[in-house]
Structure formats: structure tokens, C-alpha cells
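Asker: Okay, here's the structure, questions in a sec.
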Amino acid sequence: MCSIESFPTKRGTARLTEDYVYFEESFWGYIKSLYRDYWQRGTWWSSSALVGYLFAFPIGTWWVVSAVRGGSFLHIAVIGGLTLVLWAVNYACGFRSPDRIRLATIEQVSATDGMKGLTRPRLVIRYTDGEQPVNAA
């Protein structure tokens, strides 16, 4: 019987030990993933999406700096509030992105197709954290 100690994930590597499954992700793994998924498709619209991703961070940083310098904190408060609400909804749904999960706590692993244009296919790991069930995607 063959043994798998690690396998690639979208943004890094999953490594199995006797007690845990570890998820190792990095910023460069995320950039490589974007490059692989968007640029290497070879279509103009997917290449445009990658360029949009690359410019979104510097443009967003410039916007925040200019808003702070101009004294317009309303826009920043709206974006911060929206981010907080989306994080709270994700937390309330029970989804986490842990760095490691104890193998003994895993109850179920299932595949999900995702919603076209919104989410990707992924594995959902259902495990317990204390007494509370948690989903990791």
C-alpha cells in the first residue's frame, strides 16, 4: 500500500503526520496559483483578470492613503465595515482556515463543486474543535 506524506494544494502544500494534517500556504504560492489559473489559460479575459488582481492591491493602497490624507474617513469606514460583516458571516457559517487539524477530530471530508463564477471546487473538512463542529474549506 502506498503512503502519501504530502500533496499539493491550490496555494501550497498539505502535509500529513501521525497526529495532524498541516496546511502550508504562502503569498508566493497564491501568486503562482493566480498565474497558473488565469495567465496560462491563454484567453484575453483570464489574462485581464490576472492584471486586475495585480493592480488591485497598489490601487487600493493608493486610495486608502489619499483618503486618509484628504480627511475622507467615511469611505474607509464603509470598506472596513463591509469587510467586518463579511468576516462575521463567514465565521457564523462555521468556516475556518486552520494551519493544522488533529486527525482524530476529523469527522467527514467531502467534495463540493462550488458556484460557477463565485467559488471553486474544494474539499470541505468537517472536524470538532472542543465540542463545537467546524468546517474547513
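The values are calculated or read from the model by the stated rules, or taken from the named source; none is laboratory data. What you see is a predicted model, and the numbers here were worked out from it, not measured in a lab. Every residue, glycine as well, gets a Cβ built from its backbone with ideal geometry; the counts of neighbours run over all protein chains shown. Only protein heavy atoms, including side chains, enter the accessible area calculation; ligands, DNA and RNA are left aside. Shrake-Rupley method; radii C 1.70, N 1.55, O 1.52, S 1.80 Å.
Asker: Take the Cα of Trp63, step 7 Å along the line toward its Cβ, and report every residue of segment 18-57 whose backbone nitrogen sits under 11 Å from that point.
Answerer: 56-57
Asker: Using a 1.4 angstrom probe, figure out how much accessible area segment 43-96 has per residue, in square angstrom, rounded to the nearest whole. Before the final figure, lay out the partial values.
Answerer: Values: 4270 Å² over 54 residues.
For segment 43-96, the solvent-accessible area averages 79 Å² per residue.
Asker: Full-extension gain between Ser46 and His75, please, as 0.36 nm times their residue separation minus the C-alpha to C-alpha distance.
Answerer: Working: separation 29, 0.36 × 29 = 10.44 nm, distance 2.95 nm.
Here the answer is 7.5 nm.
Asker: Can you pull the percent of the chain's accessible area that's carbon plus sulfur, 1.4 Å probe, other chains left in place? Don't jump to the answer; show the numbers that get you there.
Answerer: Values: 6770 of 10840 Å².
C and S atoms contribute 62 percent here.
Asker: Among (i) 9.3; (ii) 11.6; (iii) 18.3, which is the computed mean projected area of the Cα convex hull in nm²?
Answerer: Calculated mean projected area of the Cα convex hull in nm²: the matching label is (ii).
Asker: By Kyte-Doolittle mean hydropathy of at least -0.5 and Cα axial length of at least 18 Å, which whole DSSP H helices of the chain are selected? Mind dumping the intermediate values first?
Answerer: Values: long enough: 44-70 (37 Å, 0.88); 73-92 (28 Å, 1.73).
Qualifying helices: 44-70, 73-92.
Asker: State the extension gain, in nm to one decimal, for the chain segment bounded by Val85 and Met115, taking 0.36 nm per residue of separation less the distance between their alpha-carbons.
Answerer: Details: separation 30, 0.36 × 30 = 10.80 nm, distance 2.11 nm.
Here the answer is 8.7 nm.
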